[in-house]
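Report on one structure; see the data block that follows.
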Amino acid sequence: MAATLIGGAQPQLENLVGETEGDDAAAHRQHVGVVVLAGEAGSVEVVAERGANAADLVGGNLLALSAAAEHDAAVGAAIDDGAADGEADRRIVDRRLAVGAEVVDAVPEPRQRRLEMLLQQKACVVGADSDSHGRQLYYVELAMVPAVVISTRGEERLRSGHPWIYRTDVADARAAAGDIVQVRSARGRPLGSALFSDRSQITLRMLAYGEALADAALVGRRIESAIAFRESLGIDATAYRLVHGEADLLPSLIVDRYGDYLVVQALSQGMDRLLPEVVAALSDTLHPRGILARNDPRARSLEGLEQRVEVLAGEVPDVVAVTEAGIAYDVDVRRGQKTGLFLDQRENRVAAAAYARGRMLDCFSYNGGFALVMGRRCTETIAFDVSEDAVTRVKENAVRNHVAVDARVGNVFDELRGLERLGERFDTIVLDPPAFAKNKAAIANATAGYKEINLRALKLLNPGGTLVTCSCSYNINEAAFAEIVYDASVDAQAHVTVVEKRMQGRDHPVLLGVPETYYLKCFILRKLQ
Ligand code: SAH
């Protein structure tokens, strides 16, 4: 239990002054309470006892009050009072959980008396070091734990499994940027712990549920379990995702593995502050040769955080060699898109390869993920990407893996029309565009864009051919994407069967109830004769 206490702050006597006292309704909502440490006081737990290690247990200065034995009755009274409303022990325990503790030791006598008085007055409990009742009671001076009260609507959202609370559902926030806060219901019930942001529309990202306060050690345990899950998947690659944010109960944290190196992204104020703990946990668990922070996504600016790329541990080369399904890639982890590779498509690339044959066209190829693994089974492979850098990478990777790929720089919208004009035909086509609908306002244009490329691709496809078509816009859900593809098939006058409906790889799992985490759709379609 001691681990739930946050120590180390300066004693803040002022925090006590002006707090509501006693057992009235307001007391249940207090942000500042008293830690009661008792040897055998009903259900109240021992957190520290007077002794050499007491300060270690609570991480601060210990103030043991010498109160007269009869004062112990006040403790009994507090508990009994509470029992009368059925919540006595609960209230004390809640308070203990809601405070950061500092133990005050050897404070000057006048200050000790002042503290004693305040604690008695404000918290309605009395401490004693007398063992006449077999008890040892200590008071702990309080430092406020950051806390945020949410609306009933926010509470319902949490109950439905969504880990975000928006600013509009925050009733009261006593916290600073990046704090781990206790989340409370409008009636003062502790609901869990969250990362607090004072800038984003997403004010809270839940870390843990229930009464116990989350701490950095929890983050370490979550990282270990995320890694253990990935290890259990038997992934045929040296590059994959180790931590996928909310879906690993590590909101706004991404960790990708590239061989002996790790790339992390901390996309909120709270996770940014926890980076030292994240790095320590990753180092202890995996012993990587280096850890790079790819903290350059724009999402960080919404949090008021700097966009920067920096080495957090060890050394990280510019180019890291990895393998996936027997293909070797050189990955530019500092400047490549995302953290270097589109790891979320790993399993879809392998699945698509099973259908690859004849003449193949890879649209939006990036560094050749689909083209290389599928090209091994095709007679001819053409790949298009608008980025010259990406096309250079495809060429290098093709040579390295002895796969013939005709990699060309081009805008897929224009190229598909051009190929159609020339009367070209293909047996296998891949469409893996970037997210066209980055927000709700872009949905109409994105829908038109997806329909256009799917229509053109279906026209270019020989009967019996395979179209692998993807969308990574979470604003266009699976049903909407299926509708777009269907509309395209009607316009192309093609009869099409759905052979597989796939999504992002298992190392990027979807969190039920959080549609934002199901973003990648990949349909494998067959054009009938
Ligand atoms: N299929 C790749 C990932 C593709 S990511 C893989 O498996 O690794 C999307 C790619 O589309 C990016 O490389 C981007 O440069 C490219 N792109 C974006 N707009 C484009 C356009 N209009 N025409 C061609 N390529 C485009």
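The values are calculated or read from the model by the stated rules, or taken from the named source; none is laboratory data. None of the values given here were measured: they were computed from a predicted structure. Virtual Cβ from ideal backbone geometry, glycine too; neighbours counted across all protein chains shown.
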Working only within the stretch 437-466, note down all residues that are touching a residue at least 40 places away in the same chain (Cβ under 8 Å) and either part of a helix (DSSP H, G or I) or within 14 Å of the ligand (Cβ to nearest atom) (or both).
-> LYS451, ILE453, ARG456, ALA457, LEU458, LEU460
Is it true that LEU262 is among the hydrophobic types (A, V, I, L, M, F, W, C), under 26 Å from ASP330 (Cα atoms) and either crowded, with 24+ Cβ neighbours inside 10 Å or touching a residue at least 60 places away in the same chain (Cβ under 8 Å) (or both)?
-> yes
From ARG502, ARG417, residue being touching a Leu at 6+ places or on another chain (Cβ under 9 Å) and either part of a loop (DSSP other than H, G, I, E, B) or modelled with pLDDT of 95 or more (or both) | ARG502
If you check ALA437, ALA444, ALA482, which single one turns out to be among the small types (Gly, Ala, Ser) and more than 21 Å from ASP344 (Cβ to Cβ)?
-> ALA444
Output yes when any residue across the stretch 275-294 is in contact with an Asp or Glu (Cβ under 6 Å, 6 or more places away or on another chain) and of a type in the set (Gly, Ala, Ser), and no when none is.
-> yes
If TYR474 passes every condition in (1) assigned to a loop (DSSP other than H, G, I, E, B); (2) at pLDDT 95 or above but one, which one does it miss?
-> (2)
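Results for (1) farther than 25 Å from VAL322 by Cβ; (2) within 13 Å of the ligand (Cβ to nearest atom); (3) under 33 Å from the mean Cα position of the chain (by Cα); (4) surrounded by 14 or more Cβ atoms within 10 Å (Cβ to Cβ), shown as yes or no for each residue.
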{"site": "LEU361", "(1), (2), (3), (4)": "yes, yes, no, yes"}
{"site": "PHE370", "(1), (2), (3), (4)": "no, yes, yes, yes"}
{"site": "CYS378", "(1), (2), (3), (4)": "no, no, no, yes"}
{"site": "ASP385", "(1), (2), (3), (4)": "no, yes, yes, yes"}
{"site": "ASP414", "(1), (2), (3), (4)": "yes, yes, no, no"}
{"site": "ARG421", "(1), (2), (3), (4)": "yes, no, no, no"}
Before we move on, is PRO190 of a type outside the set (Lys, Arg) and surrounded by fewer than 22 Cβ atoms within 10 Å (Cβ to Cβ)?
-> yes
So which residues in the stretch 394-412 are hydrophobic (A, V, I, L, M, F, W, C) and more than 12 Å from the ligand (Cβ to nearest atom)?
-> ALA398, VAL399, VAL403, ALA404, VAL405
Is the stretch 232-246 home to any residue that is under 12 Å from the mean Cα position of the chain (by Cα) and among the aliphatic types (A, V, I, L, M)?
-> yes
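Each row is one residue, and each column tells you yes or no for (1) surrounded by 15 or more Cβ atoms within 10 Å (Cβ to Cβ); (2) part of a strand (DSSP E or B); (3) on the phi > 0 side of the Ramachandran plot; (4) not aliphatic (A, V, I, L, M).
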residue	(1), (2), (3), (4)
TYR486	no, no, no, yes
VAL490	no, no, no, no
ALA494	yes, no, no, no
VAL498	no, yes, no, no
HIS508	yes, no, no, yes
LEU511	yes, no, no, no
ILE524	yes, yes, no, no
Kindly list the number of the only condition in (1) under 30 Å from ASN348 (Cα atoms); (2) touching a residue at least 24 places away in the same chain (Cβ under 8 Å); (3) outside any strand (DSSP E or B) that fails for LEU242.
-> (3)
Over the stretch 387-408, the set of residues among the aliphatic types (A, V, I, L, M) and surrounded by 15 or more Cβ atoms within 10 Å (Cβ to Cβ) is ALA390, VAL391, VAL394, ALA398, VAL403, VAL405, ALA407
Sort out which residues of the stretch 313-336 are without any contact (Cβ under 8 Å) to a residue 40 or more places away in the chain and within 11 Å of the ligand (Cβ to nearest atom), and write them in order of number.
-> GLY336
Given the structure, is VAL391 over 33 Å from the mean Cα position of the chain (by Cα) and either free of Cβ contacts under 8 Å to residues at least 40 places away in the same chain or within 8 Å of the ligand (Cβ to nearest atom) (or both)?
-> no
